[in-house]
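The values are calculated or read from the model by the stated rules, or taken from the named source; none is laboratory data. Worth saying up front: this structure is predicted, and the values here are computed from it rather than measured. Note that we place each Cβ from the backbone using ideal geometry, even for glycine, and neighbour counts take in every protein chain shown.
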Amino acid sequence: MRTITLAVAFALTTITLGAQQAGPPQVTNQDILNGLKDPAKWLTYGGTYDGQRHSPLTQITPANVQQLVPQWTFQTGQLGAFQSTPIVIDGVLYVTGVNNNAWAIDARSGRQIWRYRRELPEGMILCCGPVNRGFAVLGDRLYMSTLDAHLVALDMKTGTELFDVAMDDYKQGYSATVAPLVVKDKVILGVAGAEYGIRGFIEAHDAATGKRIWRFYTVAGPGETGGNTWPRTDAYKRGGGSIWVTGTYDPEQNLVFFGTGNPGPDYFSANREGDNLFTASVVALDADTGTLKWHYQFTPHDVHDWDSTQVPVLGEIPIEGQNRKVVMFANRNGFYYTIDRVTGKLIVAKPFVETTWAKEISYLTGRPILLPDNHPNELGVRTCPDLGGGTNFMAPSYDPNLKLFFVTARETCATYFAYDQKFEIGVSWTGGGTVRPREQRNWGALRAIDPITAERKWEFRYPTVSSSGVLSTASGLVFAGDGEGNVIALDSRTGKSLWHYQLGFPVRNTGGTTYMLDGRQYLLVPSGATLTAFALPR
Amino acid sequence: MTRMRLIALCTLVVSLSAVGFAQDPPGPKRSDTLPPGKNPHLGRADSIKSGQVLFQTRCADCHGLDARGYRGPDLTAVLGGMPDERLFQTIRKGVPGSDMQPNNMTDDDVLLIMAYLRNMNKATVTETASGNAENGRKVFASQCATCHRAGDSGGRLGPDLSRIGSARSRDALTREIRTPSEWMAPGYESVTIVTNDGQKIRGVKKNEDTFSIQIMDARERLQGYMKSDVQQVVFEKASLMPEYGKERLNDSDLNDLIGYLRTLRGSSTR
């Protein structure tokens with residue numbers, strides 16, 4: 001009898017322990033490499049390492065998209081708008097919000113599972129609101145940059161902190177808003193703060209411990225490669241070069257690509273003569289070591305606050321009979337570029353909005369051929385585009401089947417002023433500003449660009465400027481938003497509008513994502529303080 | 001008759017620079033009140049120039065490059081009677097209830113801007129009230145009140161002018177009465193909706209997105225339309241307000257009208 005009792009007890013214990021045993025890590029490196037092949041997942045900022053934001057899903061089509069209906073809405077209950085791209089893992093969303101709040105949400109119902117709140121210090125120095133652009137994920141961990149320039153890791157199951165490491169001193173103007181990029185066993189991210197005299201950098205941390213592995217300065221110092229593009233002063237120490245948009249990764253070359261921010265101060269440049277490398281550039285770095293493989297500077301010696309913090313979208317396109325590995329880049333300076341991603345050499349570049357500062361981009365040197373009278377001064381100089389740029393940090397998408405690059409374009413100009421502003425810690429150090437004439441009509445559009453020729457294929461106009469990111473799908477749809485709160489589905493071949501829904505707040509500096517759940521394709525759209533999920537009727 | 005909204009704004013640069021300052025940053029002083037003593041920059045050419053640059057980069061996006069108003073008030077009109085203490089605090093603390101936010105400029109930068117504004121304002125501070133306000137009230141009642149409110153009465157198709165006289169210079173008011181199509185303020189841009197049966201509905205645009213438009217028609221009815229449900233939406237270049245040239249409003253009546261507007265200090269119900 002005793003033997004039987006013990007045996008039953010052992011069996012029960014085994015069953016209980018079995019239930020308590022954690023499963024394998026939810027997200028492996030291979031899962032991230034697979035990108036959107038698993039339709040139940042969206043694991044990186046751009047969905048895939050190449051940043052294409054192009055989903056293979058085909059349940060929602062141009063023929064049925066008009067039937068899309070909201071399924072649920074999640075509200076943060078906080079002031080401030082999402083700029084985040086939610087991570088999707090097997091029916092659960094992981095999303096970050098303002099002031100480094102974060103949530104796990106049931107993707108079926110929109111109900112909260114857990115919530116994370118970060119205690120932020122007093123005295124943070126932020127140029128552009130307490131925003132965040134999302135998690136990275138590996139194993140059972142979520143990674144988030146913080147407004148006080150830290151990297152934190154959270155337990156995906158509970159939202160509790162696993163580590164918290166400082167990147168730099170927030171009291172000196174450093175902050176962080178970028179969604180990190182996980183590559184192998186590293187978490188790669190950078191800092192913001194170019195308007196407050198920081199020296200920008202990209203760095204990699206050990207995903208297990210948080211320990212920093214490498215750092216690449218986006219502002220070259222004396223003796224370093226590119227150091228001679230700064231004066232022989234300490235200007236480089238406050239040279240800007242923020243990183244606030246997630247980069248992309250090429251596993252074959254083991255290179256990460258990041259767009260870098262403007263030099264500081266933004267408009268007054270007499271004290272930073274030279275090209276100011278590696279600001280306003282795309283840099284290709286070895287993912288293991290942070291070593292610079294190549295760089296391409298879009299705006300040498302930028303004086304218009306034209307960060308190149310756009311997504312460097314990777315793809316392969318046929319050029320003169322050869323399949324070329326490229327970076328596609330619609331820049332804030334108003335030019336669209338296709339660049340060879342092996343060599344960093346320019347393939348083609350043309351304006352995609354009205355530009356008045358450069359005649360063209362030289363194919364010989366890769367540099368802009370400047371037009372006169374565009375350097376800001378005390379009297380003011382009118383230049384197109386405005387400081388917001390031809391586009392900005394809203395992510396574009398790329399349809400590899402149609403070979404079309406979709407980007408939100410802004411048609412705006414501004415009068416730029418510059419003056420010699422004394423640097424002071426904690427004070428916005430732009431050395432100037434801009435004014436837009438009241439008579440000027442600013443407007444926007446979603447544009448489809450052929451990356452082979454850099455020519456526009458179609459556009460869909462908005463009455464005002466938009467800051468919406470873009471999502472495309474293999475069924476021939478593009479999802480974007482206007483500046484007034486509509487999420488819009490367009491035919492990706494023609495740009496014809498097929499469906500729209502007024503969300504009440506614009507899709508601003510983020511975009512939609514899509515995933516499968518229970519056999520249904522969901523479209524998830526962040527706008528304002530809400531997430532709204534759409535699907536076709538059952 | 002003019003289309004200036006009475007919203008005090010300052011530049012995005014200023015408002016954004018205020019973000020995140022829960023405590024005073026180190027460095028030069030940032031006082032809540034006017035520093036004691038005379039403004040050391042007053043009347044100094046170099047200071048005035050520096051103040052102008054600061055104004056242009058920090059304030060002009062809302063108040064206009066010439067400070068004569070854009071989205072924010074015409075400062076040449078409002079500063080004449082404003083003491084330094086109030087001007088300093090307005091720049092420092094912003095205007096509650098408006099889009100003009102507090103900022104963390106140094107005291108010296110604020111004083112530089114004040115020196116520039118005071119210098120620029122010299123010409124207009126001497127602008128004394130003139131015109132027969134009583135006749136101006138009659139002109140307003142007969143020519144303007146159908147579309148504009150003044151105090152507690154009048155129309156709503158055009159902007160409420162109850163405070164416009166204290167926010168705009170005489171020159172600005174004159175320009176906007178004589179040539180109202182030069183610029184139409186947001187919310188008062190002229191639009192014509194052509195319905196599918198050919199009917200034309202004129203009004204002012206209140207709002208718009210890619211697919212819809214909201215208007216107040218000439219009978220003050222608020223209406224919304226889906227653009228796909230109408231034949232055409234025409235954004236008119238001419239304001240709904242007619243041009244009040246000299247043949248329509250002689251100089252004397254115009255002077256009286258402005259004199260009347262300058263007596264107004266808002267609605268009694270607000």
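Values computed for the structure shown
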| read-out | value |
| --- | --- |
| Elements of type strands (runs of 3 or more DSSP E) contained in the stretch A:470-513, each with 1 or more residues being closer than 12 Å to residue A:55 by Cβ | A:471-473, A:477-481 |
| Residue check, residue A:79 touching a Leu at 6+ places or on another chain (Cβ under 9 Å), surrounded by fewer than 20 Cβ atoms within 10 Å (Cβ to Cβ) and not in a strand (DSSP E or B) | no |
| Matching residues in the stretch A:171-207 - criterion: being over 26 Å from residue A:86 (Cα atoms), touching a Ser or Thr at 6+ places or on another chain (Cβ under 9 Å) and not in a loop (DSSP other than H, G, I, E, B) | A:194, A:195, A:196, A:199 |
| Pairs, first small (Gly, Ala, Ser) in the stretch A:130-142, second at pLDDT below 95, C-beta under 6 Å, six or more apart | A:139/A:25 |
| Those strands (runs of 3 or more DSSP E) lying entirely in the stretch B:158-240 with at least 3 residues surrounded by 14 or more Cβ atoms within 10 Å (Cβ to Cβ) and at pLDDT below 95 | none |
| Every residue from the stretch B:63-85 that is within 14 Å of chain A (Cβ to nearest Cβ) and either surrounded by fewer than 24 Cβ atoms within 10 Å (Cβ to Cβ) or not in a helix (DSSP H, G or I) (or both) | B:64, B:65, B:66, B:67, B:68, B:69, B:70, B:71, B:72, B:73, B:74 |
| The stretch A:478-502 residues that are away from every other protein chain (no Cβ under 12 Å), paired with ones that are charged (D, E, K, R) and surrounded by 23 or more Cβ atoms within 10 Å (Cβ to Cβ) (beta carbon under 9 Å, 6 or more apart) | A:495/A:447 |
| Given (1) within 25 Å of residue B:63 (Cα to Cα); (2) touching a strand residue (DSSP E or B) at 6+ places or on another chain (Cβ under 8 Å), index of the condition residue A:447 fails | (1) |
| Test set (1) within 13 Å of chain B (Cβ to nearest Cβ); (2) of a type in the set (A, V, I, L, M, F, W, C); (3) under 19 Å from the mean Cα position of the chain (by Cα) - residue A:435 fails condition number | (3) |
| Single residue of A:313, A:327, A:303, A:283 found to be touching a residue at least 60 places away in the same chain (Cβ under 8 Å), surrounded by 23 or more Cβ atoms within 10 Å (Cβ to Cβ) and more than 21 Å from the chain's Cα centre (by Cα) | A:303 |
| Qualifying residue in the stretch A:420-443 (condition: crowded, with 21+ Cβ neighbours inside 10 Å and at pLDDT 95 or above) | no |
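Conditions tested, residue by residue: (1) in contact with a Phe, Trp or Tyr (Cβ under 7 Å, 6 or more places away or on another chain); (2) closer than 25 Å to residue A:469 by Cα; (3) at pLDDT 95 or above.
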| site | (1), (2), (3) |
| --- | --- |
| A:320 | no, no, no |
| A:326 | no, yes, yes |
| A:349 | yes, yes, yes |
| A:372 | no, no, yes |
| A:379 | no, no, no |
| A:391 | no, yes, yes |
| A:400 | no, yes, yes |
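Here is a yes/no grid of residues against (1) within 24 Å of the chain's Cα centre (by Cα); (2) within 23 Å of residue B:51 (Cα to Cα); (3) within 14 Å of chain B (Cβ to nearest Cβ):
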site: A:386; (1), (2), (3): yes, no, yes
site: A:410; (1), (2), (3): yes, no, no
site: A:421; (1), (2), (3): no, yes, yes
site: A:448; (1), (2), (3): yes, no, no
